[in-house]
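Everything on this sheet refers to the single structure shown next.
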Amino acid sequence: MAMIQHEITDALSCVKSGDTILVGGFGLIGAPLTLIEALTEKDVKDLTIVSNNLGESGKGLGKLLNQNKIKKGIGSYFTSNRDVGDKYQNGEIELELLPQGTLAESLRAGGAGLGGYYTTTGVGTDLAKGKEEREIDGVQYILEKAIRADVALIRAHKADTLGNLIYYKTARNFNPLMATAAKTVIVEVDEIVEAGELDPEAIVTPFIFVDTIVEAKQVLTKKGVVSK
Amino acid sequence: MAMIQHEITDALSCVKSGDTILVGGFGLIGAPLTLIEALTEKDVKDLTIVSNNLGESGKGLGKLLNQNKIKKGIGSYFTSNRDVGDKYQNGEIELELLPQGTLAESLRAGGAGLGGYYTTTGVGTDLAKGKEEREIDGVQYILEKAIRADVALIRAHKADTLGNLIYYKTARNFNPLMATAAKTVIVEVDEIVEAGELDPEAIVTPFIFVDTIVEAKQVLTKKGVVSK
Amino acid sequence: MTVQLNKTEMQHMIAKRVAQELKGPCTVNLGIGIPTLVAEHMTDDHIYLHTENGLLGVTDVDDESVDPNLVNAGKLPVGEAVGASFFNSSDSFAMIRGGHVDVAILGALQVDEHGIIANWAVPGKNIMGVGGAMDLLVGAKKVFVTMSHTSKDGSPKLLKECTYPITSTRQVDMIFTELAAFKVADGNLVLVDLMPGVTLEEVREKTEASFTIE
Amino acid sequence: MTVQLNKTEMQHMIAKRVAQELKGPCTVNLGIGIPTLVAEHMTDDHIYLHTENGLLGVTDVDDESVDPNLVNAGKLPVGEAVGASFFNSSDSFAMIRGGHVDVAILGALQVDEHGIIANWAVPGKNIMGVGGAMDLLVGAKKVFVTMSHTSKDGSPKLLKECTYPITSTRQVDMIFTELAAFKVADGNLVLVDLMPGVTLEEVREKTEASFTIE
């Protein structure tokens with residue numbers, strides 16, 4: 001039920017200023033580099049970006065950051081891009097830091113129709129400040145809320161023509177979770193195959209989650225990011 | 001890191017009276033019929049059984065029920081075994097009925113180290129009675145608690161010698177969730193293969209969840225349950 | 001006068017009427033009973049069936065190919081479509097509760113005049129199964145209900161208020177019986193159309209709930 | 001007198017000491033920095049490495065075989081062991097938080113005398129990454145910490161109380177530096193052994209935290 005889109009600009013037509021956007025990847029690994037590149041060419045601003053990192057300096061989401069299109073970042077490890085810290089100190093960006101497991105779990109909760117959940121992670125630390133604490137069966141937990149977004153930009157390895165997805169090694173990371181937690185899900189893939197070619201037992205993201213598929217033009221190689 | 005056990009009785013040596021036991025399967029489909037059979041031969045009582053159904057009349061968990069070994073059942077659809085209703089009316093068993101999605105999610109939460117979660121399912125119904133209700137971002141939710149157990153008895157299709165598991169079609173159901181939510185996890189499988197023979201991208205249950213593997217002796221076929 | 005249909009024919013008539021409301025591409029979850037029959041009457045190729053026990057892409061299966069480990073929510077044998085996928089129960093209900101399934105078609109014991117249904121418990125009786133009904137009601141984008149218009153004793157099942165425990169506070173979208181199809185608009189029942197040969201008087205007589213006519 | 005080691009040698013010495021504490025079968029998660037080096041010194045064949053970005057069964061990789069999409073939590077290239085499996089980030093942290101990982105080995109900026117650590121933030125500095133540290137601290141059955149005994153300016157990192165924000169209220173199990181190994185017993189630091197050529201006096205001098213001797 002996904003649409004295969006040949007023009008990447010058209011794939012991003014739903015993105016507008018003020019949107020909350022989930023962006024897959026762990027650093028550049030598994031990040032939708034083609035879609036991010038297209039986003040940097042689009043006239044939008046005040047974006048809230050949910051992603052483990054805001055890319056690296058000048059690379060991936062780091063480009064978007066340097067264009068001042070990001071109003072707020074929600075992630076677990078901004079340290080990987082020194083520009084984030086500089087912008088934060090200058091008051092040019094809001095940041096919300098979450099433990100990595102909490103970021104992942106909140107995305108899953110968003111996609112699963114849950115409102116929030118009680119986790120042990122972060123109890124008693126600065127990241128628990130302002131969060132409800134409660135004891136359940138003798139253990140202390142804090143309440144974390146689900147994350148849902150307008151758009152998800154993700155990367156998979158292969159899509160079939162229906163939109164079923166499989167991933168590649170550690171490039172899987174946050175991508176399958178983000179595929180469930182946004183109104184519109186746009187995915188870039190290395191390869192599009194016929195429906196029926198992927199093993200039904202091994203499909204990670206069933207097609208009902210996917211809206212638009214594009215072929216990746218920017219690929220992470222041993223030598224860095226390369227245009228295909 | 002799982003142990004392959006040839007004597008099924010030995011595999012169940014950890015089970016004791018009063019234990020809470022997770023039992024995989026959707027009715028008999030994907031149920032660990034061999035392990036259930038062995039459990040009926042063991043001298044234990046006052047068990048709390050968490051399973052979608054308590055088998056069928058005289059089959060699967062239905063046998064254990066008729067032996068009066070089950071003190072309490074937690075599940076979503078007891079109707080599939082008419083004996084459950086009779087025992088309930090006679091005060092011979094306690095029952096806790098949960099929506100099927102809540103049963104699944106509570107098991108996942110148990111395995112994931114969460115205390116509980118807010119779900120929309122059941123809000124405003126009799127199954128929400130006594131459960132905390134709260135509004136998050138304008139939506140009403142109820143709090144459901146995680147489920148954890150002493151033992152999980154599950155069924156998979158193939159295990160490798162490390163304990164990695166894959167499942168078969170709709171026999172997957174609750175099994176992968178239960179594999180995460182018990183102190184001791186015992187699995188029966190159709191086949192044991194060498195480590196490395198299962199596709200790393202398609203393994204559903206990584207070996208760290210599995211304690212003991214046995215080969216299935218009782219198999220569900222077109223003609224019903226058959227001994228192998 | 002209605003031609004007398006046997007029970008199976010009547011169930012298929014209802015299922016066929018429901019199928020007319022399904023336009024692809026969409027994903028549909030079919031409950032046990034009449035809803036399962038809807039699959040036989042669907043005409044659009046782009047309707048994909050989800051079953052909550054862990055399969056997207058349900059098809060029917062011939063006797064030869066029956067696999068005891070490949071079943072739907074009613075534990076009946078099914079087949080798998082091209083492009084099908086299997087998943088565990090929490091992932092399946094995450095799809096449902098998370099709003100990723102377009103339509104759920106469910107049976108009901110009672111429906112009230114605002115479209116609230118009761119379908120999982122009868123006080124004093126040994127019906128102790130809720131299954132996925134509550135999850136589907138909170139999660140599916142649209143919910144269609146199929147049922148016989150009256151109980152075996154002839155009493156109405158479309159009531160002012162349900163006397164059995166409700167399944168959800170969510171109002172369903174449409175209700176289909178052997179007499180008529182209703183929709184719920186602004187929280188009230190609206191008669192959409194009558195089944196062949198059925199008169200408005202008959203529907204009024206056998207319905208306790210108030211309804212308007214489209 | 002200690003033979004002067006360069007930084008890499010010192011880090012390997014610490015990593016080697018930690019490796020002695022690892023007895024298989026067990027699953028171990030290695031943090032960034034010194035913890036990553038522990039893999040090179042493990043002697044038991046039944047130790048399996050978990051990396052929170054989604055792989056159980058991490059091995060090292062030769063330059064030839066580097067795959068840019070196969071990395072550890074430090075984004076360094078790794079290989080996959082026989083019997084490895086890949087999973088998404090929520091499943092990975094479910095393993096961690098759910099208590100399914102036996103040992104986590106982490107770096108730290110400070111450790112207090114009860115084994116509480118600080119390793120994710122420095123007030124006033126642009127260190128804005130917590131990553132998986134808080135999850136590993138609440139979830140791993142055992143937590144080992146590796147760090148240099150003192151800061152670059154010579155000030156102690158084993159303190160009465162952490163001055164940086166703590167990572168968890170959970171006390172770690174062991175702490176390894178280039179001078180000594182400590183365990184936390186009944187909530188207090190206990191010196192387990194000294195590194196070759198290190199004197200107790202030197203440790204006392206460079207440690208603010210109180211500790212007892214085993």
Item to check | Which listed residue, of B:L177, B:L162, is closer than 27 Å to B:G18 by Cβ, within 13 Å of chain D (Cβ to nearest Cβ) and surrounded by 24 or more Cβ atoms within 10 Å (Cβ to Cβ) | outcome: B:L177
Item to check | Selection from segment C:182-201 of residues that are surrounded by 12 or more Cβ atoms within 10 Å (Cβ to Cβ) and touching a residue at least 24 places away in the same chain (Cβ under 8 Å) | outcome: C:F182, C:K183, C:V184, C:N188, C:L189, C:V190, C:M195, C:V198
Next on the checklist: Take the residues in segment A:120-138 that are touching a Gly at 6+ places or on another chain (Cβ under 7 Å) and under 22 Å from D:P165 (Cβ atoms); name whichever of them is farthest from the other protein chains (Cβ to nearest Cβ).
Outcome noted: A:A128
Checklist entry - Could you list, in sequence order, the residues of segment D:76-101 that are touching a residue at least 40 places away in the same chain (Cβ under 8 Å), under 21 Å from B:M178 (Cβ atoms) and not hydroxyl-bearing (S, T, Y)? => result D:F93, D:M95, D:I96, D:R97, D:G98, D:G99, D:H100, D:V101
Checklist outcome for this item: Selection from segment C:102-160 of residues aromatic (F, W, Y) and either assigned to a loop (DSSP other than H, G, I, E, B) or farther than 23 Å from C:H12 by Cα (or both) yields C:W120
Next on the checklist: Being more than 18 Å from B:N164 (Cα to Cα) and surrounded by fewer than 24 Cβ atoms within 10 Å (Cβ to Cβ) is the filter here; which residues of segment D:77-89 pass it?
Outcome noted: D:P77, D:G79
Checklist entry - Under 7 Å by Cβ, and 6 or more places apart or on different chains, what pairs join a residue from segment D:1-23 that is farther than 16 Å from D:V103 by Cα and assigned to a loop (DSSP other than H, G, I, E, B) with one that is of a type in the set (A, V, I, L, M) and at pLDDT 95 or above? => result D:T2/D:V198; D:L5/D:M13
Next on the checklist: Quick check on segment B:39-57. Is at least one of its residues of a type in the set (A, V, I, L, M, F, W, C) and surrounded by fewer than 19 Cβ atoms within 10 Å (Cβ to Cβ)?
Outcome noted: yes
Checklist entry - In segment A:91-112, which residue that is in a loop (DSSP other than H, G, I, E, B) and aliphatic (A, V, I, L, M) is nearest to the other protein chains (Cβ to nearest Cβ)? => result A:A112
Checklist entry - In segment B:67-77, which residues are more than 9 Å from chain C (Cβ to nearest Cβ) and either in contact (Cβ under 8 Å) with a residue 40 or more places away in the chain or not aliphatic (A, V, I, L, M) (or both)? => result B:Q67, B:N68, B:K69, B:K71, B:K72, B:G73, B:I74
Item to check | Residue among A:G115, A:G101, A:G122, A:G110 that is crowded, with 24+ Cβ neighbours inside 10 Å, in contact (Cβ under 8 Å) with a residue 12 or more places away in the chain and within 21 Å of B:G138 (Cα to Cα) | outcome: A:G110
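Looking at this structure, is A:D150 free of Cβ contacts under 8 Å to residues at least 12 places away in the same chain and more than 14 Å from chain C (Cβ to nearest Cβ)? Working first, answer last.
Details: free of Cβ contacts under 8 Å to residues at least 12 places away in the same chain: no; more than 14 Å from chain C (Cβ to nearest Cβ): yes.
Taking the combined requirement at face value, the residue does not satisfy it.
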Next on the checklist: Scan segment B:80-90 and tell me whether some residue there is away from chain C (no Cβ under 14 Å), modelled with pLDDT of 95 or more and outside any strand (DSSP E or B).
Outcome noted: no
Checklist entry - Is it true that some residue in segment A:130-142 is among the small types (G, A, S) and either in contact (Cβ under 8 Å) with a residue 60 or more places away in the chain or touching a helix residue (DSSP H, G or I) at 6+ places or on another chain (Cβ under 9 Å) (or both)? => result no
Checklist entry - Any idea which of A:T221, A:T170 is out of contact with any strand residue (DSSP E or B) (no Cβ under 8 Å at 6 or more places or on another chain) and farther than 24 Å from C:Y48 by Cα? => result A:T221
Item to check | Odd one out for A:G115, checked against (1) facing another protein chain (nearest Cβ under 8 Å); (2) over 27 Å from A:I29 (Cβ atoms); (3) assigned to a loop (DSSP other than H, G, I, E, B) | outcome: (3)
Next on the checklist: List pairs: first residue in segment A:22-48 and farther than 26 Å from D:D67 by Cβ, second residue in a loop (DSSP other than H, G, I, E, B) and among the β-branched types (V, I, T) anywhere in the structure, Cβ distance under 7 angstrom, at least six positions apart or on different chains.
Outcome noted: A:L39/A:V15; A:K42/A:V15; A:V44/A:V15
Checklist entry - Going by the conditions given, is C:V38 β-branched (V, I, T) and under 16 Å from B:A171 (Cα atoms)? => result no
Checklist entry - What is the residue count in segment A:156-187 for residues that are out of contact with any Asp or Glu (no Cβ under 7 Å at 6 or more places or on another chain) and either farther than 22 Å from D:E80 by Cα or not charged (D, E, K, R) (or both)? => result 20
Item to check | Qualifying strands (runs of 3 or more DSSP E) (wholly inside segment B:154-228; at least 2 residues being modelled with pLDDT of 95 or more and of a type in the set (A, V, I, L, M)) | outcome: B:182-193, B:212-215, B:218-221
Checklist entry - Hey, any hits in segment A:78-91 for a residue that's surrounded by fewer than 21 Cβ atoms within 10 Å (Cβ to Cβ), out of contact with any helix residue (DSSP H, G or I) (no Cβ under 6 Å at 6 or more places or on another chain), in contact (Cβ under 8 Å) with a residue 40 or more places away in the chain and under 28 Å from D:G132 (Cα atoms)? => result no
Item to check | Every residue from segment D:141-181 that is in contact with a strand residue (DSSP E or B) (Cβ under 8 Å, 6 or more places away or on another chain), without any contact (Cβ under 8 Å) to a residue 60 or more places away in the chain and over 25 Å from D:R97 (Cα atoms) | outcome: D:H149, D:T150, D:P156, D:K157, D:L158, D:L159, D:K160, D:E161, D:T163, D:L179, D:A180
Checklist entry - Somewhere in segment C:41-50, is a residue within 14 Å of the chain's Cα centre (by Cα), in contact (Cβ under 8 Å) with a residue 60 or more places away in the chain and crowded, with 19+ Cβ neighbours inside 10 Å? => result no
Checklist entry - When residues of segment D:33-73 are filtered for being in a loop (DSSP other than H, G, I, E, B) and more than 10 Å from chain A (Cβ to nearest Cβ), how many remain? => result 9
Checklist entry - Regarding B:D43, is this residue among the acidic types (D, E) and part of a helix (DSSP H, G or I)? => result no
Checklist outcome for this item: Taking segment A:182-210 and keeping only residues that are within 16 Å of A:C14 (Cβ to Cβ) and crowded, with 24+ Cβ neighbours inside 10 Å, one is left with A:A182, A:V185, A:I186, A:V187, A:E188, A:F209, A:V210
Next on the checklist: All but one of (1) crowded, with 24+ Cβ neighbours inside 10 Å; (2) at the interface with chain C (Cβ under 10 Å from one of its Cβ atoms); (3) within 18 Å of the chain's Cα centre (by Cα) hold for B:A156; state the number of the condition that does not hold.
Outcome noted: (2)
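The values are calculated or read from the model by the stated rules, or taken from the named source; none is laboratory data. Worth saying up front: this structure is predicted, and the values here are computed from it rather than measured. Note: ideal-geometry Cβ built from the backbone for every residue, glycine included; neighbour counts use all protein chains shown.
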